[in-house]
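Please read the structure below before turning to the comments.
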Amino acid sequence: MLTTSHSASLHGIDGYIVTVECNASQDIPVFDIVGLPDAAVKEAKQRVRAAMTNSDIDFPELSIIVNLAPADVKKEGCAFDLAIFVAILQAAGTIPQQCDLTGRCFIGELSFSGALRSVPGILSMVIAAKEAGYTEVYVPKACGPEAAAIEGICIYAVEDATQIVRHLQGVESLSPFIGAKYDLENYSLTDCNFSDVKGQERAKRALEIAAAGGHNVLMIGPPGAGKSMLARRLPTILPPMCLDDAVETTKIHSVSGILKEGTSLVCQRPFRSPHHTMSIASLVGGGARPKPGEVSAAHNGVLFLDELPEFPKNVIEGLRQPLEDGEVTITRAAGRITYPSRFMLVCAMNPCKCGYFGSPKRKCTCRREDIQRYLAKISGPLLDRIDIQIEIPALEYSEISNPAPAEDSTVIRERVIAAREFAGHRFAGAVSCNANMTAQQVREFCTVDAAGDAIMKNAFEKFGMSARGHDRVLKVARTIADLDHSETIRAAHIAEAVQLRSLDRKYW
């Protein structure tokens, strides 16, 4: 007898449907799985058999061959366990033949006890099932909130094998899982707030500009000046994500296995801060079974690299492609996978090993050649891709002891949202922010008045800017003009953008 059920798997961060065909015949009892299964899929034989035994379900004494189609695509992971389990039981008659499995998708890993365990990438698989026309998806109970984030498809959150068998037999029906409502616009921010930051008004202004235009930032200053504190508060002034961005971010986090259990959607922009001992694969993604790296986990959010020169040289240089293209392509023998990676890069570093080179308050103890070697870890091409470069000076006592509260994140965020909306009318959905403008869009939308053009020309010749540097200064100036709700980039906007770009001339 031939029975068919359906499951799903992952390719990159996208899901695809897998058809599970079970052929059972009265022959020498055997249980085999074909269709290019990996080791984890082959081990489903033991998991399914043990789950049946411990759920008081007799494993059929039949010759059972399970095929996972399409047969020419390698199958990985444990998500097929539940579909294999259901197909075998229908072939054995435990689940009645009249139970129509068409339009139903079964996803989940079986434990030996029969309980269902969560699997990564549930959101992507549910989206694939919906796009393929399926009306019901059965997932482990722990994955219910994540699966229910997709509207227009019925989700059943299953605890164990016995529960789904009784449901398919018509003995005890499961109730569809109703997910929690989410509000992207009014999602609560973290406990961090710019009102906690004393002084550093110029740095706050630079981060406001960065948030309004999606620009990359480099902060240089002595230890204890507040670089990390400022960076960690950047997400609190970023505009809320739209639904498409939230779904895409959640897909990446789910596939990576970093989505918190019980989370339906990632509603707050990600903030990733990896340690400087990380490898190139953990940054951009990779592995025998490629997974997204930190640049993809930070998609639609912030990637913060503290103590930038302490990162390995090849890791730092690995940022070039994702910064330029907004995606990372990983090539392996089995094929190519592309992960989205459009993020704001925020870097912090000391000007030297001891941290006090150029400080008016403390003497630097580093030798000149040591300072040059330390700064040389940051290459010119990477610096060229960082739009805003600011110096963070040590605070004065009067700033630290000032009891007056600083400006709240919500106030700054309102200005950022207003600037994004002002730019949005201009782009009409072509790009999400000024930092993502193409060269053609820079020429079209970055109109500079005569006085501003004179300042731009002087800065270009004086600082020896590259063509990329020239365009990035114009993008920052465009953002400053948007904060002023000005369609024309004026001289003051160009001057401020140049000041935010010229720090590399002091240290490099």
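Which residues, taken from the stretch 111-143, are surrounded by 19 or more Cβ atoms within 10 Å (Cβ to Cβ), of a type in the set (A, V, I, L, M) and either more than 22 Å from LYS291 (Cα to Cα) or out of contact with any Lys or Arg (no Cβ under 7 Å at 6 or more places or on another chain) (or both)? Outline the logic, then answer.
Just the residues of the stretch 111-143 that are surrounded by 19 or more Cβ atoms within 10 Å (Cβ to Cβ), to begin with: 114-116, 118-129, 134, 137-140, 143.
Filter once more, keeping what is of a type in the set (A, V, I, L, M): 115-116, 119, 122-123, 125-129, 137, 139.
Selection gives ALA115, LEU116, VAL119, ILE122, MET125, VAL126, ILE127, ALA128, ALA129, VAL137, VAL139.
Checking THR263 against (1) over 18 Å from VAL346 (Cβ atoms); (2) touching a Gly at 6+ places or on another chain (Cβ under 9 Å); (3) touching a residue at least 40 places away in the same chain (Cβ under 8 Å); (4) open to solvent by less than 50 Å² (accessible area, probe 1.4 Å), which single condition isn't satisfied?
Failed condition: (2).
Can you give me the ranges of the helices (runs of 4 or more DSSP H) entirely in the stretch 340-418 with at least 1 residues that are surrounded by 15 or more Cβ atoms within 10 Å (Cβ to Cβ) and within 24 Å of the chain's Cα centre (by Cα)?
Details: elements: 368-375, 380-384, 397-400.
Once the helices (runs of 4 or more DSSP H) in the stretch 340-418 are filtered for at least 1 residues that are surrounded by 15 or more Cβ atoms within 10 Å (Cβ to Cβ) and within 24 Å of the chain's Cα centre (by Cα), what remains is 380-384.
So which of ALA180, ALA129, ALA206 is assigned to a loop (DSSP other than H, G, I, E, B), of a type in the set (A, V, I, L, M) and in contact (Cβ under 8 Å) with a residue 24 or more places away in the chain? Can you show your working first?
Values: ALA129 fails: assigned to a loop (DSSP other than H, G, I, E, B); ALA206 fails: assigned to a loop (DSSP other than H, G, I, E, B).
Matching residue, one of ALA180, ALA129, ALA206: ALA180.
For the structure I just gave you, tell me whether GLU421 is in contact with a Pro (Cβ under 9 Å, 6 or more places away or on another chain), surrounded by fewer than 18 Cβ atoms within 10 Å (Cβ to Cβ) and either at pLDDT 90 or above or of a type outside the set (A, V, I, L, M, F, W, C) (or both).
The answer is yes for GLU421.
Out of all the residues in the stretch 209-223, is one or more closer than 25 Å to ILE153 by Cβ and not polar (S, T, N, Q)?
Initially, the stretch 209-223 is screened for residues closer than 25 Å to ILE153 by Cβ, giving none.
Taking every residue of the stretch 209-223 in turn, none turns out to be closer than 25 Å to ILE153 by Cβ and not polar (S, T, N, Q).
With touching a residue at least 40 places away in the same chain (Cβ under 8 Å), open to solvent by less than 40 Å² (accessible area, probe 1.4 Å) and over 30 Å from ARG362 (Cβ atoms) as the only criterion, which of LEU308, LEU323, LEU283, LEU230 stands out?
Values: LEU308 fails: over 30 Å from ARG362 (Cβ atoms); LEU283 fails: touching a residue at least 40 places away in the same chain (Cβ under 8 Å); LEU230 fails: over 30 Å from ARG362 (Cβ atoms).
Only one candidate qualifies: LEU323.
May I ask you to verify whether VAL302 is crowded, with 19+ Cβ neighbours inside 10 Å and modelled with pLDDT of 95 or more?
Numbers: crowded, with 19+ Cβ neighbours inside 10 Å: yes; modelled with pLDDT of 95 or more: yes.
Against the criterion (crowded, with 19+ Cβ neighbours inside 10 Å and modelled with pLDDT of 95 or more), VAL302 qualifies.
Of all residues in the stretch 53-89, count the ones that are in a helix (DSSP H, G or I), open to solvent by 10 Å² or more (accessible area, probe 1.4 Å) and touching a residue at least 24 places away in the same chain (Cβ under 8 Å).
The qualifying residues number 1.
What are the residue pairs meeting all of these: first residue in the stretch 387-410, first residue more than 21 Å from GLN499 (Cβ to Cβ), second residue of a type in the set (Val, Ile, Thr), Cβ atoms under 8 Å, and 6 or more apart or on different chains?
Cβ pairs passing all conditions: ALA406/VAL197; SER409/THR236; SER409/ILE237.
Please give the number of the condition GLU146 fails out of (1) more than 31 Å from the chain's Cα centre (by Cα); (2) part of a helix (DSSP H, G or I); (3) crowded, with 19+ Cβ neighbours inside 10 Å.
(1)
The values are calculated or read from the model by the stated rules, or taken from the named source; none is laboratory data. Just so it is clear, the structure is predicted and the values come from calculations on it, not from any experiment. Cβ atoms come from the backbone with ideal geometry, glycine included; neighbour counts cover every protein chain shown. Just the protein is used for accessible areas: all its heavy atoms, side chains included, with ligands, DNA and RNA removed. Shrake-Rupley method; radii C 1.70, N 1.55, O 1.52, S 1.80 Å.
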